[in-house]
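Below you'll find the structure, written out as structure tokens, and then a few comments.
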Amino acid sequence: MKSKSLVSIDQCSREDILRILENARKFEENPNRKILEGKVAATLFFEPSTRTRLSFETAINRLGGRVIGFQDASTTSSSKGETLKDTILMVSNYADLIIMRHHLEGAARYASEITDVPIVNAGDGANQHPSQALLDMYSILQTQGTLENLTITLVGDLKYGRTVHSLIVGMSHFRPTFHFVAPEELKIPEEYKNFCDGLCIPYTEHKDFTEEIINQSDILYMTRVQRERFTDLEEYEKVKNVYILRKKMLENSRDNLRILHPLPRVNEIAYDVDDSPKAYYIQQAHNGLFAREAIICEVLGLNHLI
Ligand code: CP
């Protein structure tokens, strides 16, 4: 990787991605290795999380390291007005690695510029979620046997969805075709369409979520409409139930289709889908452990110990 921090998936070359996924595969074979003995990692979560924080903390524990940190910034001195800069400088005194989620876009990059301690971006506002992209790509590789030439349909909040943004950039190395399904209010930003255009990556845009689109897909990536990203809650109310995937919509889908979702879900995947062999979102979250073990080793320069 170009930097020892992982703040954005665009730092990762195709070779970087394939190396991290191969290391994730090794961690799936054996997640318990004492690679981080004597090291301390800090998890700083200024925004709520279940999977990202717990899978990073599990990864650190399974690798023999120790964890400090917080899951509620209101219990820290940031509630007294301490700046992000000072918080990062303080934590850098204590930890060998900082894993940070923050509501401000660019917060992880900023943190990486003021400390020599590696920073892993665990989500910065609506911008990026690179470790999610890597676990998503690991899940795609595990279910499809390849990352190449796949048709990926991204559904829901494509405007504020940081997991969508990171996945588009990560998959761009592997000749994908994208279908973007979103209401007008949440459509994919021009920046990402320009990115695809620049790399001659084919894509289509849709407002209707139809079986015809599902039936053309290898990966169906559902996302939640994120209430916390709306300043106008009336706008949220208009779009919150816009798409709901139901089991009967999968009847004529490809055998290899797998349904992914970064989670949490609200109601965009009906519970009857959970019984389908095409539902992969619970295993996907499990894969987060292996991908994050590989990411931690990558940023700390410990790949030789895997
Ligand atoms: N996918 C994801 O980021 O989930 P959490 O918000 O629970 O960490």
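The values are calculated or read from the model by the stated rules, or taken from the named source; none is laboratory data. Quick caveat: nothing in here was measured; it's all calculated off a predicted structure. Virtual Cβ from ideal backbone geometry, glycine too; neighbours counted across all protein chains shown. Keep in mind that these areas ignore ligands, DNA and RNA; they rest on the heavy atoms of the full protein, side chains included. Shrake-Rupley method; radii C 1.70, N 1.55, O 1.52, S 1.80 Å.
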Normalised contact order of the chain, rounded percent, pairs of Cα under 8 Å and 6 or more residues apart
21
Rounded to the nearest 10, the angle in degrees between the Cα long axis of helix 162-171 and the longest principal axis of the Cα atoms of the chain comes to 80
Let me check something: with ligands and nucleic acids excluded, how do His173, His165 order by accessible area (1.4 Å probe), largest to smallest?
His173, His165
In Å², what does the accessible area per residue of the chain work out to with a 1.4 Å probe?
43
Counting sequence-distant residues (5 or more places) and residues on other chains, those with an amide H built under 5 Å from that of Ala126 are Glu105
Sticking with the crude label model, points 7 Å out along Cα→Cβ, report the distance from Glu237 to Asn149 in nm, one decimal please.
5.0
Residues of type lysines that Lys207 reaches as a straight line, Cα spacing below 27 Å, ignoring anything fewer than 8 places off in the same chain:
Lys159, Lys187, Lys193, Lys238, Lys240, Lys247, Lys248, Lys278
Roughly speaking, what is the centre-to-centre gap between region 34-85 and region 1-28 when only Cα atoms are used, to the nearest Å?
21
In the chain, carbon and sulfur make up what percent of the accessible area (probe 1.4 Å)?
47
